[in-house]
Amino acid sequence: MKVLIVGSGGREHAIATSVAKSNKVDKIYCAPGNAGIGMIAECVPIGAMEFDKLVDFAKSEQIDLTIVGMDDPLVGGLVDELENAGIRTFGPRKNAAILEGSKAFSKDLMKKYNIPTAAYENFDDADKAMAYLEKADFPIVLKADGLALGKGVLICQNLEEAKEGVKSIMLDKQFGSAGNTLVIEEFMTGREVSVLSYVDGKTIKTMTSAQDHKRAGDGDTGLNTGGMGTFSPSPFYTKEVDEFCRKYIYQPTVDAMASEGREFKGIIFFGLMLTEKGPKVLEYNARFGDPEAQVVLPRMKNDIIEVMEACIDGTLDKVDLQFEDNAAVCVVLASDGYPVKYEKGFVIKGLEKFEGQDSYFCFHAGTKKTDEGIVTNGGRVLGITAKGADLKQARANAYAATEWVEFDNKYMRHDIGKAIDEA
Ligand code: AMP
Ligand code: GLY
């Protein structure tokens, strides 16, 4: 079959790598893709938000399955457009992708269906938000309702900071219309875990757990980023935590969406915080996490096409989802200065060392093919993933492999997976 993947990051490279392993697949296209994806797929120069062009391409190339990796096109309704044109597509429709697209929606859903999450209020009026803050406890969390590249969350230590935050989100529109509505939320403490799952509208099958490192600097300092590295599984995601989440979070979320007439098919990413009072939902995403996908997918034993088709066909209950009994760590190699300001266009050397390896992966995020070779083309450049028998081995392997590649202004965190030592 012919598969089209929509997106251009490390997540889409990880998806493409899994798709390439399926013996059902003859040809992979990726729109727009990147230099690494171009080694296993044909990249087509169509942006992820160019819906008409994507539909035309899928029709004219007779694509059998389209996989939408990114949040913006999902929330914008690309799946609806493709399905309405008769193209089989993996991912939630617009009325279900709102689970990620609106934090106010997701908070209201959790409240209505008693799914554990932080206490909160939604505001569409800045004055009312300011008045609420006068009586609030600190720290407190402000969240822009809509998509904001993972940057729409502010943790405010005091009233002054919080008022400044309301101003920048709601009045100055730092995140554009994403800030028309604001969620003000109780601050929670605990360990964070990401659990990604396949959903077919009724049945949910969770994947192995993972943990991201969102801050730019070692010791969780600096600005929030898209994610600087991950490990999987999380040693803090115990059997007891899993049992609790299955009962009170996972299936209840899928059932809640169905009850609301918003049947969810695709990936639900549960961002969880393991608080003293039990696991609570920090956020939902309607897609694979990036870089979570880069440690979870290489450990999946199933044929990804079979699992995705089961989600589309509503037969996920028949799938026995299995993961390798090992561990994986991903260290992101970024351009120095990310996430604020950084230079691009530096030649990347050493990529060939990953060829023919099956426990080491070099997932491309911001890269581009030029006449001089493959060059850096973004903030997050590469995700270096390695497997190992356990987390410590995987971490040692991943850090060793970060030395295989060189480019000017290469930057990485040196403490990805440090939490493993505390487990
Ligand atoms: P989100 O985009 O909702 O995952 O938020 C980004 C990050 O902000 C999370 O990964 C947490 O580290 C932090 N965060 C979000 N909500 C809360 C909360 N209620 N309490 C504490 N930290 C939070
Ligand atoms: N790594 C977090 C995300 O993909 O949202």
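The values are calculated or read from the model by the stated rules, or taken from the named source; none is laboratory data. In this text the structure is predicted, and so the values were computed from the model without any measurement. Using ideal geometry, Cβ is built from the backbone for each residue, glycine included, and neighbour counts are taken over all protein chains shown.
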Taking the range 382-400 and keeping only residues that are buried (at least 17 other Cβ atoms within 10 Å of the Cβ), within 20 Å of residue 208 (Cβ to Cβ) and among the aliphatic types (A, V, I, L, M), one is left with 384, 386, 391, 394, 398
*Restricting attention to the range 305-319, does a residue exist that is over 23 Å from residue 106 (Cβ atoms), within 16 Å of ligand 2 (Cβ to nearest atom) and in contact (Cβ under 8 Å) with a residue 40 or more places away in the chain?*
no
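Any idea which residue in the range 263-283 is nearest to the chain's Cα centre (by Cα), counting only those that are within 16 Å of ligand 2 (Cβ to nearest atom) and within 12 Å of residue 74 (Cβ to Cβ)?
By that ranking, first place goes to 269.
One line per residue, one yes/no per condition, for (1) more than 25 Å from residue 339 (Cα to Cα); (2) basic (Lys, Arg); (3) without any contact (Cβ under 8 Å) to a residue 12 or more places away in the chain; (4) in contact with a Ser or Thr (Cβ under 9 Å, 6 or more places away or on another chain):
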| residue | (1), (2), (3), (4) |
| --- | --- |
| 120 | yes, no, no, no |
| 143 | no, yes, no, no |
| 149 | no, no, no, no |
| 175 | no, no, no, yes |
| 212 | no, no, no, yes |
| 224 | no, no, no, no |
| 227 | no, no, no, no |
Quick count over the range 320-359, residues being on the phi > 0 side of the Ramachandran plot and touching a strand residue (DSSP E or B) at 6+ places or on another chain (Cβ under 9 Å), is 3
Would you confirm whether or not the range 290-301 contains a residue that is within 16 Å of ligand 1 (Cβ to nearest atom) and touching a Gly at 6+ places or on another chain (Cβ under 7 Å)?
yes
Residues in the range 189-202 that are farther than 19 Å from residue 415 by Cα and surrounded by fewer than 18 Cβ atoms within 10 Å (Cβ to Cβ) total 2
If you go through 234, 194, the only one that is within 13 Å of ligand 1 (Cβ to nearest atom), touching a residue at least 24 places away in the same chain (Cβ under 8 Å) and within 30 Å of residue 381 (Cα to Cα) is 194
message = Can you confirm whether residue 289 is within 16 Å of ligand 2 (Cβ to nearest atom), more than 18 Å from residue 65 (Cβ to Cβ), in contact with a Phe, Trp or Tyr (Cβ under 7 Å, 6 or more places away or on another chain) and in contact (Cβ under 8 Å) with a residue 12 or more places away in the chain?
response = yes
Surrounded by fewer than 24 Cβ atoms within 10 Å (Cβ to Cβ), among the hydroxyl-bearing types (Ser, Thr, Tyr) and more than 28 Å from residue 348 (Cα to Cα): is that true of residue 18 in this structure? no
Filtering strands (runs of 3 or more DSSP E) wholly in the range 100-182 for at least 2 residues that are of a type in the set (Phe, Trp, Tyr) and either surrounded by 15 or more Cβ atoms within 10 Å (Cβ to Cβ) or on the phi < 0 side of the Ramachandran plot (or both) gives 120-123
Screening 296, 241 for residues that are more than 22 Å from residue 154 (Cβ to Cβ), surrounded by fewer than 20 Cβ atoms within 10 Å (Cβ to Cβ) and touching a Leu at 6+ places or on another chain (Cβ under 7 Å) leaves only 241
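Given the condition at pLDDT 95 or above, under 23 Å from the mean Cα position of the chain (by Cα) and either acidic (Asp, Glu) or more than 10 Å from ligand 1 (Cβ to nearest atom) (or both), answer yes or no: does some residue in the range 138-145 qualify?
We begin by selecting, within the range 138-145, every residue at pLDDT 95 or above; these are 138-145.
If we keep only those that are under 23 Å from the mean Cα position of the chain (by Cα) too, we end up with 141-145.
Restricting the remaining residues to those that are either acidic (Asp, Glu) or more than 10 Å from ligand 1 (Cβ to nearest atom) (or both) gives 145.
Yes, the range 138-145 contains at least one residue that is at pLDDT 95 or above, under 23 Å from the mean Cα position of the chain (by Cα) and either acidic (Asp, Glu) or more than 10 Å from ligand 1 (Cβ to nearest atom) (or both).
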Here the residues within the range 360-381 that are touching a strand residue (DSSP E or B) at 6+ places or on another chain (Cβ under 6 Å), outside any strand (DSSP E or B) and surrounded by fewer than 16 Cβ atoms within 10 Å (Cβ to Cβ) are 372
Yes or no: residue 185 assigned to a strand (DSSP E or B) and within 16 Å of ligand 2 (Cβ to nearest atom)? no
